[in-house]
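The values are calculated or read from the model by the stated rules, or taken from the named source; none is laboratory data. As the structure is a prediction and not an experimental result, all values here were calculated from the model. Counting neighbours? That spans all protein chains shown, and the Cβs are built from the backbone with ideal geometry, glycine included.
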Amino acid sequence: MKRDGIFLFIGVCLCFLYSCESSNESTINTVNASTINNPTIFDYGTDIENLISNMSIEEKVGQMTQINIDLVSKGEVFNLKKPHELDTVKLDSAINHYFVGSFLNVGGHTYTRQHWKEIINTIQQKAISEGNGIPIIYGIDAIHGVNYTVDATLFPQQLGQAATWNPKLVESGAGVAAYECRASGIPWNFSPVLDLGRQPLWSRFFETYGEDVFLAKSMTEAVMKGYQGDDPSDSYKVAACLKHFLGYSMPLSGKDRTPAWIPERQLREYFLPTFQKAIELNALTIMINSGEINGIPVHVNYDILTVLLRKEMGFKGLVITDWEDIIKLYRDHKIAKNMDEAVKMSIMAGVDISMTPNDYSFNRALIGLVKRGEVPEERLDESCRRILWVKKKLGLLSNPIPDFDIYEDFASSKHKELAQKTAEESITLLKNEKGALPLSKNSNILVCGPAANSLNILNGAWTHTWQGLDTNYNTKGCLTIYEAIKEMTEIDVNIAEGAKLYENKGINSIISQAKSADVVVVCLGEEPSTEKPGDIEDLNLPQAQKDLVQELSKLNKIIIMVQVFNRPLIVRDIEPLVDAVVNCYQPGDYGAKALANILFGNVNPSGKLPFTYPRYTGSLIPYDYKHTEKLDKNFGNNAFNPQWEFGFGLSYTLFDYTNLQLNQSSYGISDTMEATVDITNAGKINGKEVVQVYISDLVASITPSVKRLRAFNKIELKAGETKTVTLKIPIHELAFVGKDNNWTTELGDFQLFIDTLNTSFSLK
């Protein structure tokens with residue numbers, strides 16, 4: 001009865017808050033207290049209830065508080081003493097006065113495992129021997145490997161991982177990241193990013209698994225198995241944190257943390273499925289979208305955080321804010337007039353932990369709100385149940401001090417080999433004319449361009465520092481593109497220094513050196529960046545880099561254009577001037593060796609684009625476009641004209657597809673379709689191919705996409721070998737979100753495509 005009153009109170013508050021908002025289209029963005037049922041209440045265990053029953057208001061609020069490591073370190077926030085050292089007085093205040101239950105981050109740059117051991121053990125010992133005896137939980141952004149631990153294994157960024165189209169490989173890489181995260185004493189990883197990458201202007205596009213729902217769902221399943229597995233208390237597993245719920249990746253402007261306008265039908269069909277898949281795999285934590293959807297900041301949207309996430313999707317774990325996002329509710333969003341209002345609105349909407357993170361304003365505000373009766377103490381109990389349950393699932397309540405001596409494979413050769421293999425399978429060959437690739441090891445090669453000799457550009461942001469710009473912390477022994485090519489060739493390889501990302505200084509020197517080369521490998525790049533520092537005005541490649549390619553093209557040399565971009569940059573003007581284009585995404589510490597192996601034919605490229613590569617900066621149409629988006633100004637059907645299509649990627653061999661068959665010509669809703677096709681490696685070298693199945697709904701009550709990816713399988717074929725591949729598609733996966741915002745599978749006629757083959761079927 002008491003809990004019923006709490007959620008009625010929430011509903012009343014939110015109704016008042018949103019009384020000025022109206023929408024005939026969406027039920028997510030408005031709240032009607034009379035129609036909201038209580039969210040599902042889980043049994044978190046009597047041990048959790050016993051802990052909560054003995055906690056004061058201050059202790060409960062402390063569990064809901066997450067602070068930055070800077071706040072308990074010597075020096076000032078963002079200006080710490082070097083080398084880093086914890087401040088015992090500040091730490092004592094955090095543990096014994098504020099009862100802080102969670103810490104995050106790194107003080108500026110990467111730490112050694114030994115230093116992490118000192119930090120984690122000191123904080124944990126303090127928490128369990130003093131304070132209230134409840135262990136803390138430490139979280140870190142291990143985005144593409146444990147990027148804040150010295151010598152840890154760094155993989156390609158998520159977008160590159162998606163380009164492998166190899167979920168097993170991604171699962172293995174996530175397993176390594178979990179292992180090395182735990183080896184650093186950290187059980188909570190603020191990863192994966194499950195936002196859909198359909199807005200390439202967005203600065204975090206490279207952190208996504210691309211534009212397609214099915215591909216992203218497949219990668220979601222893989223990464224969840226790698227991070228959490230079946231038992232997150234395992235010493236080699238971590239708690240995943242799903243980011244960023246919901247719709248964060250689709251700001252209308254393309255600028256980070258700016259408004260999104262997304263109808264509920266699209267939210268459900270495109271942006272929910274990855275999160276739902278992760279929740280079905282028992283995801284323990286979730287981070288909230290920093291921005292707003294349809295005028296409402298997600299941090300105060302009860303319908304999204306409680307009704308949708310908990311009641312409908314069945315999420316059991318804890319919900320955490322992103323950096324300072326409660327503060328931003330009054331500072332930036334202007335939906336609250338002060339910190340008290342912002343805290344009240346977000347907590348009543350469903351937030352469990354506030355990443356404040358550089359002061360105790362959240363802590364003080366929430367304590368005051370509870371003591372004044374503006375937030376029921378029972379609401380704190382709800383959050384504490386989830387927080388303590390996550391700590392229990394990670395084994396922290398029973399074994400809070402990690403054993404740092406059991407991780408013999410940290411930064412091992414097999415981990416590095418896996419990272420290199422992932423990079424090799426991600427790198428995508430987009431053009432190869434006149435037999436330009438593979439290169440001869442006896443060629444006279446000039447390597448040039450701004451990405452030619454930069455490990456930082458290969459890694460991108462979230463590498464040793466937040467933006468990944470500081471060269472002082474790069475992993476020793478890892479090669480740049482120039483160094484990797486030089487290591488592999490039998491004659492001297494020259495590098496033309498001086499090329500800049502945004503300045504055309506040094507072009508004359510490069511051209512002079514290029515005259516004596518047989519082959520020019522020009523490496524284009526983008527400065528590492530993420531979040532607001534990564535905001536850009538358009539997708540055009542900087543003019544200085546285009547000028548470099550244009551001048552090189554005048555020499556009549558073989559030109560290999562290597563792209564190391566955060567996102568697809570427009571190369572329409574210069575692509576015709578080069579003989580080959582190789583897209584590397586951001587392949588990580590071992591990406592240069594992977595690239596060299598591909599350039600010289602030691603590895604046959606097999607990466608496929610996980611996004612549609614645009615030809616124009618103003619034409620950002622994904623592959624699953626609508627039929628009207630094909631119509632051009634002359635009423636033809638050529639409007640959809642990207643530089644390269646989603647799923648595209650060349651090989652050094654040729655694959656022939658024949659004998660496409662379906663197990664039935666018509667299906668019921670409960671059936672499973674089986675599509676079989678024969679694939680032959682018609683070339684002279686072994687290779688890997690991604691078999692992609694697309695289906696078109698010919699007529700539907702919601703305008704159908706021209707096609708949607710419904711299945712894929714990456715296979716390896718020896719030269720001359722033929723394999724029969726069977727792909728199974730449950731018919732219910734052909735469903736879409738209809739006019740009523742519910743999933744529906746409609747009867748009718750469909751067409752299935754694999755490569756250039758197609759066949760028809762129907763649902764009856």
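Counting only residues that are under 23 Å from Lys554 (Cβ atoms) and assigned to a strand (DSSP E or B), region 465-522 holds 8 of them.
Per-residue answers, yes or no, for (1) closer than 15 Å to Leu369 by Cα; (2) of a type in the set (S, T, N, Q); (3) surrounded by fewer than 24 Cβ atoms within 10 Å (Cβ to Cβ):
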residue: Arg331; (1), (2), (3): no, no, yes
residue: Lys334; (1), (2), (3): no, no, yes
residue: Val343; (1), (2), (3): yes, no, no
residue: Ser346; (1), (2), (3): yes, yes, no
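Any idea which residue in region 336-360 is modelled with the lowest pLDDT, counting only those that are within 30 Å of the chain's Cα centre (by Cα) and among the polar types (S, T, N, Q)? Going through the qualifying residues, I end up with Thr356. Among all residues of region 587-596, there is at least one that is farther than 23 Å from Leu650 by Cα, in contact with a Ser or Thr (Cβ under 8 Å, 6 or more places away or on another chain) and at pLDDT 95 or above. Scanning region 177-189 for any residue that is assigned to a loop (DSSP other than H, G, I, E, B) and under 18 Å from Asn566 (Cβ atoms) turns up nothing.
Sub-6 Å Cβ pairs linking a first residue in region 595-621 that is part of a strand (DSSP E or B) to a second residue that is modelled with pLDDT of 95 or more, at least 6 apart or interchain, are Tyr613/Pro568; Tyr613/Pro642; Tyr613/Gln643; Tyr613/Trp644, ordered by first then second residue.
Could you please let me know if Phe206 is surrounded by fewer than 24 Cβ atoms within 10 Å (Cβ to Cβ) and within 16 Å of the chain's Cα centre (by Cα)? No, not satisfied. Among the candidates Gln545, Gln550, the residue that is touching a residue at least 40 places away in the same chain (Cβ under 8 Å) and either under 26 Å from Trp466 (Cα atoms) or not basic (Lys, Arg) (or both) is uniquely Gln545.
Screening the candidates Leu242, Leu267, Leu281 for the property of being hydrophobic (A, V, I, L, M, F, W, C), more than 14 Å from the chain's Cα centre (by Cα) and crowded, with 23+ Cβ neighbours inside 10 Å yields one hit, Leu267. The set of residues in region 729-756 that are exposed (fewer than 13 other Cβ atoms within 10 Å of the Cβ) and closer than 30 Å to Ser606 by Cα contains only Thr756.
Take region 311-321 and flag every residue that is surrounded by fewer than 23 Cβ atoms within 10 Å (Cβ to Cβ) and either among the small types (Gly, Ala, Ser) or farther than 18 Å from Gly45 by Cβ (or both).
The answer is Lys311, Glu312, Met313, Gly314.
Taking region 88-118 as the range and being aromatic (Phe, Trp, Tyr) and either without any contact (Cβ under 8 Å) to a residue 24 or more places away in the chain or under 16 Å from Lys60 (Cα atoms) (or both) as the test, the residues that pass are Tyr98, Phe99, Phe103.
Return a yes/no flag: does region 228-247 have any residue that is of a type in the set (Gly, Ala, Ser) and within 24 Å of Lys532 (Cβ to Cβ). Yes: region 228-247 contains one or more residues that are of a type in the set (Gly, Ala, Ser) and within 24 Å of Lys532 (Cβ to Cβ). Scanning region 697-727 for residues that are crowded, with 18+ Cβ neighbours inside 10 Å and either polar (S, T, N, Q) or more than 23 Å from Ser760 (Cα to Cα) (or both) returns Ser705, Lys714, Leu717. Set side by side, the residues Asp325, Asp332 differ, and just one is among the acidic types (Asp, Glu) and under 26 Å from Leu388 (Cα atoms), which is Asp325. The listed residues are Ala127, Ala162, and the only one of them that is aliphatic (A, V, I, L, M), assigned to a helix (DSSP H, G or I) and over 29 Å from Val61 (Cβ atoms) turns out to be Ala162. Entry remark, region 238-254: residues being closer than 16 Å to Glu264 by Cβ and in a strand (DSSP E or B) number 1 in total.
Every condition in (1) β-branched (Val, Ile, Thr); (2) closer than 27 Å to Ser651 by Cβ; (3) in contact with a Lys or Arg (Cβ under 6 Å, 6 or more places away or on another chain) holds for Thr703 except the one numbered (2).
Going by the conditions given, is Gly210 out of contact with any Ser or Thr (no Cβ under 9 Å at 6 or more places or on another chain), within 22 Å of Tyr248 (Cβ to Cβ), in the same structural domain as Cys384 (by TED's automatic domain parsing) and not β-branched (Val, Ile, Thr)? Against the criterion (out of contact with any Ser or Thr (no Cβ under 9 Å at 6 or more places or on another chain), within 22 Å of Tyr248 (Cβ to Cβ), in the same structural domain as Cys384 (by TED's automatic domain parsing) and not β-branched (Val, Ile, Thr)), Gly210 qualifies.
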